[in-house]
């Protein structure tokens, strides 16, 4: 009887503990439901990525290039006669496919920005949107110096353009998301931070001012977007630093401001109007500052001013220290070059420099810039103070004055920028060889017949 009572008590006690456990769990569930812990927002980048994805495209381009055909090895026949099969070197055409990424920047007109190297030497560029739509496109223009290209989708509707962020405000440590088409897999997002800004000297492009990120960028991601947590474009993914073409957390993007400014030129001209100040400089550090007894630790020390350059024309001297560009402190020479190159062509450039301890200001307008697109083979500079090039008008070679140095020998004899030299001493001139016949030979007087705007004039120059 006693044993039975004990069993009953134990049974009741077990039931009680089970009841407590069930009640406790039920209370927790009710509390969780009350606080919506299961429905509560968990930190995620999905909203940002969902916002950006419609603006990112995959590019599949077909192209061709000519290569030197290798000479075939010598072949000997059974009679030991030496034969040489197609020994003359020839060109052969090879076809290739280029995979890359792009970013829609103008939904109304169907403009997509990508890297120049993605569409270089291609004749057919196919663009696939995130929703699966596929469009053919035409190449509007590209710039190999900055690795930026603009293409336009044909008959595309209902596009979503990305929003640009002011890349000058990007800081090291900012979160970044890279979206592109790695290895042709389609739009892929990776996450990281901005590791550095103003990266240069990598010999990737001619004008380097990269944003560095550790967000994974791989082959095929070129031309994709680097965005902030609001889904705004801060850079165009361009290159990686890797020994085996795989991601090791060092990727480079062209700043969005540089992209925006250069794309405006490509839209307008089909190319970038290359601009150079015409100086060689080095970044000032504490060691240089001390050794030269300078009063500043930051800026660019102008070590050389190139002849016939804009810098020479406006009066910049070797030894000057450039400290700001449009009220923005100058960080290094490479970034300074890139800023000059990509600055909006319709805006004035303000330079502040120090000369002999005193502040000097220079204002440069679009008309002041000189184009240096012509190669050295197309430049003639044997007349002191005169820079001449060959251009084509209506398919004919024209000798044109690109620049006249102020108060120079040529300037004093009346030459001015954009003069067209028609003939010398009644001899038609359309190449440098003919021009050289008159300039190099000793003559008492050379009579230049010049077209200047709508007027034709004669200039008399002593040899």
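Here is how the numbers come out for the structure above:
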quantity: Relative contact order computed over the range 386-461 (Cα-Cα under 8 Å; 6+ residues apart), in percent; calculated: 25 percent
quantity: Label-point separation, residue 297 to residue 157 (7 Å along Cα→Cβ), nm; calculated: 6.2 nm
quantity: All-pairs alpha carbon distance profile, the range 164-272, 5 Å steps from 0, percent; calculated: 2, 14, 24, 25, 19, 11, 4, 1
quantity: Difference of contour (0.36 nm per residue) and Cα-Cα distance, residue 426 to residue 193; calculated: 77.1 nm
quantity: Quarter of Cα convex hull surface for the range 46-272, i.e. mean projection, nm²; calculated: 15.6 nm²
quantity: Two-site label geometry, residue 417 and residue 241: point separation in nm, points 7 Å out along Cα→Cβ; calculated: 3.9 nm
quantity: Nearest-0.05 FRET efficiency for residue 328 and residue 109, computed from C-beta distance (R0 22 Å); calculated: 0.10
quantity: 20 Å tail of the calculated P(r), the range 386-461, as % of Cα pairs; calculated: 23 percent
quantity: Principal axis dimensions, the range 279-368 - Cα atoms, whole angstrom, descending; calculated: 39, 24, 21
quantity: Computed E for residue 268/residue 462 - FRET, C-beta separation, R0 56 angstrom, nearest 0.05; calculated: 0.85
quantity: Length released on extending from residue 365 to residue 397, taking residue separation times 0.36 nm less the Cα-Cα span; calculated: 8.6 nm
quantity: Stokes-Einstein diffusion coefficient of the range 130-194, Kirkwood radius over Cα pairs, 20 °C, 1.002 mPa s, in µm²/s; calculated: 143 µm²/s
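FYI, it's all coordinate maths here, none of it is from the lab. Remember, predicted model here, so these are calculated numbers, not experimental data. Cβ atoms come from the backbone with ideal geometry, glycine included; neighbour counts cover every protein chain shown.
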